[in-house]
Amino acid sequence: MNPERTQPLFSLKVPATTANLGSGFDTLGMALTLYNIFSVSRLLPEGEFACDVSGEGMDELQDAKSNMVISSYLRACREWSLPPRGFHLEGCNAVPLNRGLGSSSTAVVAGVVLAGLIAGKEIPEAELLRVTTLIEGHPDNVVPCFLGGMTVSCWDGTKLRYVKLPALPDDLCVVAAVPDFQVHTEDARKILPESVPFKDAVFNVSHASLLCAAWAMGRWDLLRVGMDDRLHQSHRARLFPGGEEILTRIRQHPDCLATAISGSGPTMIAIVKGPAGQLSSEMCRIFTAGGVASHFFVLNSSQSGTVVERGQV
Amino acid sequence: MNSSVKRIDLDRDCIHVVFLGLPNIPGGAAKIFGALCEQGVSVDMITQNTMRGGRSDLSFLIHRDRLEEVIPICREVSDSVNAQGVSFATEVAAITVRLEAGSAETPQVLAKMFSTLAGAGVNVEIINSTLSGSEGAAVVCIVSLTRAEEGLKALREAFEVNP
């Protein structure tokens, strides 16, 4: 305990997300009960920034010039013609970095939300999400990260439409098995084909539609089929040891409702009904067999999304 | 020097639990270990790291047999203590090096132990030690299962200890 520590001006609790869910490439995403905390300890003159990062990425993210919370804040200030007041940022990161659990989206959402908070300007939800999507390039992490829950997003490069689906029931949980392995974004993009056969496009449209309808109606028995995909998973699962085996083997487990690559990997998720320990351990054993260390989280869907606490300004 | 090392063992039955970003206010550890105690769950190697930003990570080991009970307890307590999350590592093992009681060579053994593990490419995730006592000193290293056998073999060769 540090009695000297003063209350931050603003503190943001921002959830991890799992996106690209099966058939819902660039469309479906869910906020998870694993959080990064970003706090503004004091304001600084315009253009002056400092940051202190602990936990995940503490070696890579200390430089204020390249910190994504600060760059997103500056971008949002430009979008909304707000004065870019400087600040001292403290980040306590628990979301694994570059593992497909939306760590960069937590930074983008935090930066954009801070732009409005520091300027004292109320930004409408839809506009805030438009700017976060513009920065991130796709909506399926930033939208659930801000709103919470499971969301369906549609982005045409200019306009964003989104719907928040009902919450995952309490008796279901999300296992996220995180290998100690990084998939480079460039490799994850390059491995996807330029075009897909018409029948595969139809396959994904029908399965993504089924997945959304099943989620909306609570037909959890249909998740496994609804998450089947022919656009990205079979390609990306080859980029890291254990990916293909987890997709095919873990989904046969009686307690497993569905499996998917989280984001562009290498984290793998399973939606589970019942005790999660045995299934989670099996996912990690598959990573070990591939020579990669790993750990896992057993999570719920975070319904609150990004939560802001204000201190004494 | 090698005669002071009595035994080197590998235990694959441990699981590493980490509460991430526990707020540095009184009561967090009490809630966690109180809830585990209520279910009769024993823990070992409790470690709390110093972090900035008013939060720290708290980790401990449990026996593999208790995982299914411990997961829901930890998830519930994580919410109630406002931690940032809780992670579980099942693919770990504990390598224990035991020394003769009263050995004066502990610093040399430690130096050789860690340089041997490093030479075998084994990253140590947690270190715990009992360097005094009538039973002799013991040093426990938690390592990934992916490298545990290599670490055990390298240590047994370095200290000329038979299984």
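The values are calculated or read from the model by the stated rules, or taken from the named source; none is laboratory data. Keep in mind it's a predicted model, so treat the numbers as computed, not measured. Backbone-built Cβ (ideal geometry, glycine too); neighbour counts: all protein chains shown.
Of a type in the set (Lys, Arg), under 30 Å from A:GLY86 (Cα atoms) and either in a loop (DSSP other than H, G, I, E, B) or free of Cβ contacts under 8 Å to residues at least 60 places away in the same chain (or both): does that describe A:LYS121? Spelling it out, A:LYS121 is indeed of a type in the set (Lys, Arg), under 30 Å from A:GLY86 (Cα atoms) and either in a loop (DSSP other than H, G, I, E, B) or free of Cβ contacts under 8 Å to residues at least 60 places away in the same chain (or both). Scanning the range B:42-65 for residues that are of a type outside the set (S, T, N, Q), more than 9 Å from every other protein chain (Cβ to nearest Cβ) and surrounded by fewer than 19 Cβ atoms within 10 Å (Cβ to Cβ) yields a total of 6.
In the range A:210-238, what residues are closer than 17 Å to A:VAL178 by Cα and touching a strand residue (DSSP E or B) at 6+ places or on another chain (Cβ under 9 Å)? Those that are closer than 17 Å to A:VAL178 by Cα and touching a strand residue (DSSP E or B) at 6+ places or on another chain (Cβ under 9 Å): A:GLN233, A:ARG236, A:ALA237. When residues in the range A:141-186 are screened for being part of a helix (DSSP H, G or I) and at pLDDT below 95, 2 of them pass.
Applying the set (1) more than 30 Å from A:VAL95 (Cβ to Cβ); (2) among the charged types (D, E, K, R); (3) within 14 Å of chain A (Cβ to nearest Cβ) to B:GLU160 leaves exactly one unmet item: (3).
Of all the criteria given as (1) within 21 Å of A:LEU34 (Cβ to Cβ); (2) assigned to a loop (DSSP other than H, G, I, E, B), the one not satisfied by B:ARG75 is (2). Scanning the range B:67-88 for residues that are at the interface with chain A (Cβ under 7 Å from one of its Cβ atoms), more than 15 Å from A:ALA176 (Cβ to Cβ) and without any contact (Cβ under 8 Å) to a residue 24 or more places away in the chain turns up just one, B:GLU68. Can you confirm whether the range B:98-118 contains a residue that is surrounded by 15 or more Cβ atoms within 10 Å (Cβ to Cβ) and either within 14 Å of chain A (Cβ to nearest Cβ) or over 30 Å from B:ILE8 (Cβ atoms) (or both)? For the range B:98-118, residues surrounded by 15 or more Cβ atoms within 10 Å (Cβ to Cβ) and either within 14 Å of chain A (Cβ to nearest Cβ) or over 30 Å from B:ILE8 (Cβ atoms) (or both): absent. Return yes or no: is A:GLY291 touching a residue at least 12 places away in the same chain (Cβ under 8 Å), within 9 Å of chain B (Cβ to nearest Cβ) and out of contact with any Phe, Trp or Tyr (no Cβ under 9 Å at 6 or more places or on another chain)? Considered against the rule, which asks whether it is touching a residue at least 12 places away in the same chain (Cβ under 8 Å), within 9 Å of chain B (Cβ to nearest Cβ) and out of contact with any Phe, Trp or Tyr (no Cβ under 9 Å at 6 or more places or on another chain), A:GLY291 comes out as yes. Here A:LEU101, A:LEU97 are screened, and the one residue that is closer than 17 Å to B:GLN84 by Cα, part of a loop (DSSP other than H, G, I, E, B) and out of contact with any helix residue (DSSP H, G or I) (no Cβ under 9 Å at 6 or more places or on another chain) is A:LEU101. The residues on offer are A:VAL152, A:VAL131, A:VAL109, A:VAL113, and the sole one that is touching a Gly at 6+ places or on another chain (Cβ under 9 Å), aliphatic (A, V, I, L, M), over 12 Å from A:LEU28 (Cα atoms) and touching a residue at least 40 places away in the same chain (Cβ under 8 Å) is A:VAL109.
Of the numbered criteria (1) more than 29 Å from A:ALA177 (Cβ to Cβ); (2) at pLDDT below 90, the one B:ASN128 fails is (1).
For (1) away from chain B (no Cβ under 14 Å); (2) surrounded by 19 or more Cβ atoms within 10 Å (Cβ to Cβ); (3) within 30 Å of B:VAL143 (Cα to Cα); (4) in contact (Cβ under 8 Å) with a residue 12 or more places away in the chain, each residue gets a yes or a no:
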residue	(1), (2), (3), (4)
A:TRP220	yes, no, no, yes
A:ARG224	yes, no, no, yes
A:MET227	yes, yes, no, yes
A:GLY242	no, yes, yes, yes
A:GLU245	yes, no, yes, yes
A:ALA260	yes, yes, yes, yes
A:GLY265	yes, yes, yes, yes
A:ILE271	yes, yes, yes, yes
A:PHE287	no, yes, yes, yes
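Can you pull out every residue in the range B:22-41 that is more than 10 Å from chain A (Cβ to nearest Cβ), assigned to a loop (DSSP other than H, G, I, E, B) and either surrounded by 15 or more Cβ atoms within 10 Å (Cβ to Cβ) or within 21 Å of the chain's Cα centre (by Cα) (or both)? Correct list: B:GLY40, B:VAL41.
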